[in-house]
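Structure record follows, encoded as structure tokens.
The values are calculated or read from the model by the stated rules, or taken from the named source; none is laboratory data. Fair warning: this is a prediction, and the values are worked out from it, not measured in the lab. Cβ coordinates were reconstructed from backbone atoms using ideal geometry, including for glycine residues, and neighbour counts include every protein chain displayed.
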Amino acid sequence: MERDPEPRRDGFEGLKALAYRKVLLRDKRSSTATSLKIDDTLKARVQQLASQRRRSPHWIMLEAIQQYVERRCRWSPFPASLS
């Protein structure tokens, strides 16, 4: 008789679990702490969005910065030494 797999402790199953692990792996790259000064209105909007998406405010801001940089690099590329 086969045993049911033990439930995951993080609560994620299937494709959601794969996406969750991908985020964790991406975040384990070497990184440096940076601080941003944002006004209270933007901070509240980020927190609300994070709550709706079940993500951390950190994740939301990091994703926004990554997408912005990717878009800008497509339209006006950095010199080869910076890409």
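Of a type in the set (A, V, I, L, M, F, W, C), over 14 Å from the mean Cα position of the chain (by Cα) and at pLDDT 95 or above: does that describe Leu15? So Leu15 fails the test.
The number of residues in segment 32-78 that are surrounded by fewer than 10 Cβ atoms within 10 Å (Cβ to Cβ) and polar (S, T, N, Q) comes to 6.
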